[in-house]
Structures are given as C-alpha cells and as structure tokens.
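The values are calculated or read from the model by the stated rules, or taken from the named source; none is laboratory data. All values derive from a computational prediction rather than experimental measurement. Glycine gets a Cβ as well: all are built from the backbone with ideal geometry, and neighbour counts include every protein chain shown.
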Amino acid sequence: MTLVSGEIFAGYTIVRQLGAGGMGEVYLAQHPRLPRQDAIKVLPPQLASDEVFRQRFLREADLAAGLNHPNIVSVLDRGEDSGRLWLSMPYIDGIDAAARLGRSPNGLPFDEVIAIIRDTAAALDFAHHRGVLHRDVKPANIMLDGSRALLTDFGIARAADDASDLTATGTTIGSVAYSAPEQLRGEPIGPAADTYSLAATAYALLTGLRPFDRSSPVAVVAAALDGQVPSAHAARPDLPPSIDAVLARGMSRAAHDRPSTAGGFAAELAATRSGASDSTVLRPAPTGHQYDRTMIAPTPTPPPASAPNIAGAPTPAASSPRRRWALPAAATAVVLLGAAVAGAVLLTRSPESDIPTAATNPPPSATVSTTAGPATVTAAPSTVTVQPTATTTAPPPRPSADLGLGKPVSTPACDGRYILALVSIEESNPSLRALVTARLTAEPTAQYFYSGALNCGSINAVDANGERFYTPYIDYGTDLGAACYAVQHRSGAYVRTLRNGVAIGTNPCG
C-alpha cells in the first residue's frame with residue numbers, strides 16, 4: 001500500500017514519495033517532534049509476516065544505527081507500524097548514483113567515478129571494521145549530495161561474524177547484477193563480497209552497462225559464476241587499458257583473489273588514472289596472501305638492463321641511441337690506450353649520466369693522428385686538448401631497506417608523534433615498488449617506512465603472516481586532531497601513535 005502526502009505513519013507525516021524498489025518504498029516525512037524532515041523506508045508488508053526476517057531486520061537496523069561515518073547514511077530509528085517494518089534515515093538532498101548514471105548513459109567522467117568509489121569504499125571499510133556487511137552495494141544505494149557519496153540501506157546488513165539461524169535463511173538479498181559469486185550460491189560471505197559489488201558498481205558507473213547484462217536473472221547468475229568480466233576499455237575506449245585488470249581483480253571469482261579491503265580496490269582504481277602506465281600489468285602474487293596482489297601503477301625509473309623489474313621479468317635495454325660528441329678536428333676520434341697510442345678523442349655519455357666518460361687527456365702538445373691499415377693520416381699541426389671534466393661527488397649510500405625510489409625510506413622517531421598510515425604492503429609483494437610509488441605520487445607529503453627498521457613498540461615489526469612490510473604514511477607530529485580528521489577522507493588509512501608502551505594496533509582517534 002503506497003502512502004500518500006499528509007498521511008500519518010509511525011508518527012511521521014508523509015510529505016512525498018522519494019522512490020521505490022524491491023526492498024520497499026522511501027518517503028520524505030516530517031519528524032513528529034523535531035523541526036526536520038527524514039527519509040522513511042517502508043518495507044513490503046509480506047516481510048513483516050516472516051518472523052525470522054522481522055527479527056533479523058530489527059537487530060540489523062540496530063547495528064546500522066551504530067555506524068557513524070561521513071560516507072554512511074545512518075539509521076536514526078526503526079520499528080513496525082500497521083504490519084509494515086520501517087526505518088528512518090537523514091534526508092539527503094541529492095540523487096543516487098543510478099539516477100546520475102541515467103543522465104550520462106555512456107558512463108560518468110572517470111574522476112567522478114573514482115571519487116564515488118573512494119567514498120563508498122571508506123564507508124564499507126568502516127562498517128567491515130565493526131563487523132557489519134552491507135550485502136547490497138549498487139549504484140541505487142549510493143547517494144550523491146554534490147560534495148560526497150554516501151552509502152545507504154545498511155538496514156539489511158548483517159553482522160559479519162553472525163552464525164545464528166537468523167541469518168541462515170539462504171536468501172540472496174543483494175541485487176543479482178552486483179552480487180558476488182559466493183553470495184549467489186548462498187554461501188557464507190564476508191567483506192570480500194562487498195568489495196566485489198563495489199567493483200561491479202565501478203564497472204557500471206564507468207560504462208553505463210551492468211557487468212553481466214543478460215536477458216534473464218538466471219543468465220546473469222550463470223555469467224557471474226563463470227567469472228569472465230567483460231572489458232570496460234572495449235566498451236569505453238577513452239578509459240586506460242589497465243582498468244580491465246583492476247576491475248577483473250575486484251570481481252575475481254574467488255574471494256581471496258580480490259583486494260583485501262574495499263579501500264584497496266579504490267586505490268588501485270585511482271592509480272590507473274594518476275599517471276599509471278597503461279601497458280604495464282604487474283603479475284599477481286601467489287594466492288593465499290592478504291595483500292594487494294595486482295597493481296596498475298606509475299612505472300618508476302627503469303633499472304639497468306641486468307636488473308629484474310618489480311614484476312620479476314628482465315627489463316629491456318633502453319632503445320634510444322647513446323649520444324656522442326666528437327672533436328671537430330681533422331681526426332674524428334681518438335682511442336687512448338695508455339700512453340702508447342694517440343688517436344681521435346671519443347667522448348660518450350650514457351643515458352644514465354650527463355658526465356662524459358673519457359680516458360686520461362693527452363699531453364698539451366700532442367699531435368692528433370689516426371692510423372687505419374698501412375696508411376697514416378696526420379692532422380693539422382694545431383694541438384687538441386680535452387678539457388678536464390668536472391669532478392662529481394658520489395651520492396651518499398641509501399639506507400638499508402630503501403626501495404630506490406625518488407624519496408628515500410625514512411625512520412620516524414618513536415617519540416609520541418601521530419602518523420596516518422595509508423597502506424601496509426608485505427615486502428614479498430611483487431607489486432611493492434609500484435604500490436608505494438602510487439601512494440607517494442597521490443600524496444606528495446607522504447613518506448614510507450620499513451617495519452623491520454622502525455624499532456617502535458607500538459608498531460609490529462612483522463604482520464599477521466610473519467612478514468615485514470612497508471608503509472607509506474603522513475607524519476602529523478603531535479597534531480592528533482589533524483590526523484583523525486585526515487583519516488576520514490582516505491579509504492583504508494588508519495592513525496597510529498609512535499610511542500613505546502602503546503599497545504600494537506591502538507587507534508588514538510577512538
């Protein structure tokens with residue numbers, strides 16, 4: 001039964017309907033006591049008659065009410081009225097991402113999608129950290145208010161560690177087009193299922209198409225279970241080719257092959273935009289590790305041809321010709337073999353240095369000549385000398401555990417300062433340098449440290465897998481307020497205190 005303007009429901013006065021979908025109708029309503037208007041979601045009447053669902057809904061609405069985050073539309077109240085379950089949320093004066101996509105059917109601007117996915121990922125990571133899954137991430141559940149994206153509809157979320165009969169109904173709540181394979185199979189799900197849905201949402205926002213656009217839900221399920229993610233670049237050629245690898249990883253058929261956090265996926269997506277090499281795809285690491293295994297990222301200055309690159313494959317030698325300078329005398333080259341042979345001087349500069357390389361200069365009065373076969377060619381009587389090259393000072397040695405990037409590894413003092421850790425990457429990750437480079441590029445004030453050299457009791461030297469790791473971070477010194485404010489705007493980041501005596505993993509922001 002659709003509610004009409006002026007009708008009283010659960011004490012609220014209905015103003016107008018805002019939308020409707022499979023999980024109910026949403027209305028703008030006047031609060032019964034406060035001078036404000038809220039959004040009221042009213043579920044279909046048949047759901048209230050299902051006692052198992054009813055209990056689950058009421059409890060999960062309570063869980064959602066505890067999610068206080070700038071990118072989450074929180075639950076204000078919930079209840080039952082006239083045989084219908086409802087919940088109230090703050091009214092967002094904007095449109096959802098599905099409606100926004102309707103105005104741009106060929107896909108939204110890439111930068112806009114990156115911002116939407118970044119904000120949504122921040123909301124998901126916040127909820128996951130508190131044991132709550134969303135289970136229905138899709139464009140229609142992402143609200144846009146002009147300055148940020150907010151994830152809504154947490155009222156049908158469930159506790160990630162809940163194993164009671166209330167969540168064992170086998171019901172697939174999420175929309176089929178965006179649901180992870182394990183969710184479609186009715187298997188237990190975790191945060192990786194929300195990451196899959198976030199990646200599917202990114203695909204839709206970028207291309208204007210659902211990832212598996214088929215004529216029936218059964219065909220959609222079959223295509224999703226097959227796991228062959230279509231090419232977004234083929235659907236929209238202005239996107240970087242590397243976008244396909246990032247989306248395919250986010251929508252991997254196996255949950256453990258996806259990024260370990262929603263923020264990790266958002267970072268990989270953003271890296272394809274911020275100067276990433278579209279032709280370089282780093283190999284995934286062996287499965288079973290919980291770090292980012294595939295990354296499209298800015299390619300650092302290539303190492304010498306004999307050194308392996310970060311993907312483990314030999315780096316090809318530079319294809320550009322080596323530049324040469326020859327003296328403009330009658331003789332065109334000199335090869336100096338000790339003091340016994342005089343010839344034309346050839347100065348060669350390697351691509352890695354602007355300092356010409358040459359042997360010892362000839363004496364000031366030396367006559368330049370060259371010999372080829374039996375004939376001898378003598379140069380003009382003028383003398384030719386080679387000006388001494390400027391002396392250079394060798395750069396100081398890099399600290400141990402340095403990755404050889406433009407910014408050297410640092411060792412922040414364990415003196416009570418607060419740092420915003422952007423991500424932690426195990427040292428065995430083959431994408432290590434690319435991941436660190438991408439973060440340092442995206443955050444110009446960021447530095448990075450190596451856990452094995454930090455020597456601070458509040459930070460583990462190794463992670464849960466027993467591996468040392470590298471962490472790009474921003475140092476906020478003693479300004480805890482600034483650090484806690486900054487973490488709200490960066491998905492996957494966290495604040496730590498560098499101080500001995502502070503328990504490992506302590507969040508100083510509360």
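Table: residues versus (1) assigned to a loop (DSSP other than H, G, I, E, B); (2) of a type in the set (A, V, I, L, M, F, W, C); (3) surrounded by fewer than 21 Cβ atoms within 10 Å (Cβ to Cβ).
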{"site": "PRO412", "(1), (2), (3)": "yes, no, yes"}
{"site": "ASP415", "(1), (2), (3)": "yes, no, yes"}
{"site": "ILE419", "(1), (2), (3)": "no, yes, no"}
{"site": "VAL423", "(1), (2), (3)": "yes, yes, no"}
{"site": "SER428", "(1), (2), (3)": "yes, no, yes"}
{"site": "ALA434", "(1), (2), (3)": "no, yes, no"}
{"site": "THR437", "(1), (2), (3)": "no, no, no"}
{"site": "GLY452", "(1), (2), (3)": "no, no, yes"}
{"site": "ILE459", "(1), (2), (3)": "yes, yes, no"}
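Looking only at region 128-146, filter to residues that are touching a residue at least 24 places away in the same chain (Cβ under 8 Å) and within 18 Å of the chain's Cα centre (by Cα); which one of those is farthest from PHE212 (Cα to Cα)? Ranking the qualifying residues of region 128-146, first place goes to HIS128. Among the residues of region 53-103, those identified as of a type in the set (Asp, Glu) and over 26 Å from ILE117 (Cβ atoms) are ASP62, ASP77, GLU80, ASP81.
Does region 471-492 contain at least one residue that is without any contact (Cβ under 8 Å) to a residue 24 or more places away in the chain, surrounded by fewer than 22 Cβ atoms within 10 Å (Cβ to Cβ) and assigned to a loop (DSSP other than H, G, I, E, B)? Can you show your working first?
Just the residues of region 471-492 that are without any contact (Cβ under 8 Å) to a residue 24 or more places away in the chain, to begin with: 481-482, 485.
From what is left, the residues that are surrounded by fewer than 22 Cβ atoms within 10 Å (Cβ to Cβ) are 481-482, 485.
Still in the list and also assigned to a loop (DSSP other than H, G, I, E, B): none.
No, the conditions are met nowhere in region 471-492.
Restricted to region 18-39, and to residues there that are modelled with pLDDT of 95 or more and either hydrophobic (A, V, I, L, M, F, W, C) or farther than 17 Å from PRO90 by Cβ (or both), the residue that is surrounded by the most Cβ atoms within 10 Å (Cβ to Cβ) is ALA29.
If you check ASP244 against the conditions, is it in contact (Cβ under 8 Å) with a residue 60 or more places away in the chain and under 19 Å from the mean Cα position of the chain (by Cα)? Give the steps one after another, and end with the answer.
Working: in contact (Cβ under 8 Å) with a residue 60 or more places away in the chain: no; under 19 Å from the mean Cα position of the chain (by Cα): yes.
Answer is no for this residue.
Considering each residue of region 93-105 in turn, none proves to be crowded, with 21+ Cβ neighbours inside 10 Å, modelled with pLDDT of 90 or more and over 23 Å from ALA224 (Cβ atoms). Evaluating ALA453 against the criteria (1) more than 21 Å from ALA115 (Cα to Cα); (2) in contact with a helix residue (DSSP H, G or I) (Cβ under 9 Å, 6 or more places away or on another chain); (3) not basic (Lys, Arg) leaves one unmet condition, (2). Just one of the listed residues (ASP96, ASP125) is closer than 24 Å to LEU209 by Cα and either in contact with a helix residue (DSSP H, G or I) (Cβ under 8 Å, 6 or more places away or on another chain) or not assigned by TED's automatic domain parsing to the domain that holds HIS31 (or both), and it is ASP96. Within region 203-244, the set of residues being out of contact with any helix residue (DSSP H, G or I) (no Cβ under 9 Å at 6 or more places or on another chain) and crowded, with 19+ Cβ neighbours inside 10 Å is empty. If you go through region 493-510 and keep only what is under 10 Å from ALA421 (Cβ atoms) and either basic (Lys, Arg) or not in a loop (DSSP other than H, G, I, E, B) (or both), you end up with TYR494, VAL495, ARG496.
Quick one: is ASP244 part of a helix (DSSP H, G or I), charged (D, E, K, R) and modelled with pLDDT under 95? Yes. Here is a check on your reading of the model: is ASP77 modelled with pLDDT of 90 or more, acidic (Asp, Glu) and farther than 20 Å from LEU124 by Cα? For ASP77, the condition - modelled with pLDDT of 90 or more, acidic (Asp, Glu) and farther than 20 Å from LEU124 by Cα - is met.
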